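These notes are about the structure you will find just below.
The values are calculated or read from the model by the stated rules, or taken from the named source; none is laboratory data. Computed from a predicted structure; not experimentally measured. We place every Cβ from the backbone using ideal geometry, glycine too, and count neighbours over all the protein chains shown.
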Amino acid sequence: MSIPDSTFAPFDEARFLDLQNARWRPRSAFVCPVPEGAASLTPYSLMERGRVMGLQLEEVDSERPGAVKLRFNDLYLFLHGGTLRVDPREACTEPPLDADLAKSLSSSEQFLTIEVMYDYPVLRRFHMVLQLICHLIPEALAVHDSARAVWMTRAWIRTAAVNRALPSPEQLFSIRVLEEDGWVWMHTQGLIRCGAIELEVQGQMSGAETEALWRLLRIAAVRLTEARDPDENEAFDLGPSIRVAWVRWDAAYPDRPAGSLGAPGHRAGCGGLVASLFRATGSGEDTELHPITSLLPVLMDTPRWYATKSEMARTSMLASKHWADFRRAFKLKGSAPGWRFEVGLGYEPEGAELPPNHVEQLWFVVHNIDGARVEATLLNAPLHLAHMEQGERKWHAVDQLYQWRVDTPGVSFGPERAAELLAKAERPEA
């Protein structure tokens, strides 16, 4: 069995309306290879493992030759014989899928496919599947999330499954980046299972500009995992002076040469609901669209992003849980070359209007830590907080902590990778 790559088709307006009205959503599959040498799985052993979890799995007729099918409510499990063809270069949750692991996955003689239909809240459903995988198939070295074409390692799944805090909504999708003669095409993969359209951006851009627009695409995608898709040409705000709208992809770039990267001819005959993002000015009937690259002056100059209170609550729980790890890493590497420690604090705006349930986020670079206080320099220019100034260095309480980040030579860490951060910080050569 090989795992197919993502594909696109002409925009299907009827299916988009069904998606908006929650009448249609595709099933999402997780493929779990059983490593060579592990005990063979049987329908009975899976039922027993499910029973320990309180799940009453039942065997039902399978429409797939050679596969046993089990069901729990609207969740289906298929137990197959055979092997997978695994490409170690395929995208993977950190750490990357190395050649040895890929070889081990390819030598498996069984694999379990878990198919699930996503309902709101999507993140809780995703978290439940991770917990299910940990209990039903703890032998799995890695699991393929077909919705975003990403391999998740066993260590990452276990860490995410046992956390009380839900995984980041960024784990619901991936972003693919393709380049041809300076023209860059980036698209999400996985939003469709959240009841959202997939998003893309295109344009002529440099490496730094690609990174800036990649961040914009990521922020927009997270927004769509939590809220209704805006209608076509309906402007929505991602941050101050960052207003965007979408156009169906097959009408977005009609002048692109046939067969060129991102053009309709380049991806005809494939499946998916994809929308191209454009910069928007005005609103309502007065909305005007401009190339997304026209936002680059804002995006390249320390942009500000809106965050929902629900996402702030999730990240705050995780950041607070691993605050001691951040402090430990800072004690070890706070002055090491190439290491940079930052915290994100969230504040209610002072007499200003933001999108509903949003707060103002501020990022600080940390110089000293004293318990639950940090001496730090404000990196952003506050918009709605008159008592703060960009570049100001002073002490702040971390009771408003919603996120932290540590940049190290070659890789960055957040709370979800706290164990890896400490492991690197405690290595003398790191």
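Need pairs with beta-carbon distance below 6 Å; first residue assigned by TED's automatic domain parsing to the domain that holds residue 330 and within the range 361-388, second part of a strand (DSSP E or B) and among the aromatic types (Phe, Trp, Tyr); sequence gap 6+ or separate chains.
Within 6 Å, the pairs are 366/341; 373/395; 375/395; 376/364; 378/364; 379/363; 380/363; 385/347.
Kindly provide the set of residues from the range 404-430 that are among the polar types (S, T, N, Q) and either within 19 Å of residue 321 (Cα to Cα) or touching a Cys at 6+ places or on another chain (Cβ under 9 Å) (or both), ordered by number.
Answer for the range 404-430, where residues must be among the polar types (S, T, N, Q) and either within 19 Å of residue 321 (Cα to Cα) or touching a Cys at 6+ places or on another chain (Cβ under 9 Å) (or both): just 412.
Give the residues of the range 47-86 that are over 27 Å from residue 101 (Cβ atoms) and among the charged types (D, E, K, R), sorted by residue number.
48, 51, 58, 59, 61, 63, 69, 71, 74
Could you check the range 110-150 and list, in sequence order, the residues that are acidic (Asp, Glu) and either assigned to a helix (DSSP H, G or I) or modelled with pLDDT of 80 or more (or both)?
115, 139, 145
Residues that are surrounded by 18 or more Cβ atoms within 10 Å (Cβ to Cβ), at pLDDT 90 or above and closer than 29 Å to residue 115 by Cα: does the range 200-212 have at least one?
yes
May I ask you to list the residues in the range 47-63 that are under 32 Å from the mean Cα position of the chain (by Cα), outside any loop (DSSP other than H, G, I, E, B) and more than 15 Å from residue 131 (Cβ to Cβ)?
Those that are under 32 Å from the mean Cα position of the chain (by Cα), outside any loop (DSSP other than H, G, I, E, B) and more than 15 Å from residue 131 (Cβ to Cβ): 47, 51.
Considering the range 151-176 alone, what residues qualify as being in a helix (DSSP H, G or I), closer than 22 Å to residue 215 by Cα and touching a residue at least 60 places away in the same chain (Cβ under 8 Å)?
169, 171
Give the residues of the range 356-385 that are modelled with pLDDT under 95 and either exposed (fewer than 14 other Cβ atoms within 10 Å of the Cβ) or basic (Lys, Arg) (or both), sorted by residue number.
Those that are modelled with pLDDT under 95 and either exposed (fewer than 14 other Cβ atoms within 10 Å of the Cβ) or basic (Lys, Arg) (or both): 356, 370, 371, 372, 373.
For the range 395-430, give me each residue that is surrounded by 12 or more Cβ atoms within 10 Å (Cβ to Cβ), part of a strand (DSSP E or B) and not β-branched (Val, Ile, Thr).
396, 401, 402, 403, 404, 405, 407, 412, 413
Of everything in the range 316-326, what is crowded, with 18+ Cβ neighbours inside 10 Å and among the charged types (D, E, K, R)? Give them in sequence order.
Answer for the range 316-326, where residues must be crowded, with 18+ Cβ neighbours inside 10 Å and among the charged types (D, E, K, R): just 325.
Output yes when any residue across the range 235-258 is within 30 Å of residue 161 (Cα to Cα) and either touching a residue at least 60 places away in the same chain (Cβ under 8 Å) or among the basic types (Lys, Arg) (or both), and no when none is.
Among the residues of the range 235-258, at least one is within 30 Å of residue 161 (Cα to Cα) and either touching a residue at least 60 places away in the same chain (Cβ under 8 Å) or among the basic types (Lys, Arg) (or both), which makes the answer yes.
Look through the range 118-164, keep the residues that are acidic (Asp, Glu) and more than 18 Å from residue 38 (Cα to Cα), and return whichever of them is surrounded by the fewest Cβ atoms within 10 Å (Cβ to Cβ). Explain how you work it out, then say what you get.
Residues of the range 118-164 acidic (Asp, Glu): 119, 139, 145.
Subsequent filtering for residues that are more than 18 Å from residue 38 (Cα to Cα) retains 119, 145.
On the way: 119: 12, 145: 26.
Ranking the candidates gives 119 first.
Of the conditions (1) touching a residue at least 24 places away in the same chain (Cβ under 8 Å); (2) touching a Lys or Arg at 6+ places or on another chain (Cβ under 9 Å); (3) polar (S, T, N, Q), residue 412 clears all except one; give me its number.
Every condition holds for residue 412 apart from (1).
If you take the residues of the range 230-249 that are among the charged types (D, E, K, R), touching a Lys or Arg at 6+ places or on another chain (Cβ under 9 Å) and at pLDDT below 90, which of them is farthest from residue 311 (Cα to Cα)?
The selected residue is 232.
Suppose we filter 258, 280, 227 for residues that are assigned by TED's automatic domain parsing to the domain that holds residue 184, at pLDDT 90 or above and either within 24 Å of the chain's Cα centre (by Cα) or over 20 Å from residue 176 (Cα atoms) (or both); which single one remains?
Working: 258 fails: at pLDDT 90 or above; 227 fails: at pLDDT 90 or above.
So the residue among 258, 280, 227 that is assigned by TED's automatic domain parsing to the domain that holds residue 184, at pLDDT 90 or above and either within 24 Å of the chain's Cα centre (by Cα) or over 20 Å from residue 176 (Cα atoms) (or both) is 280.
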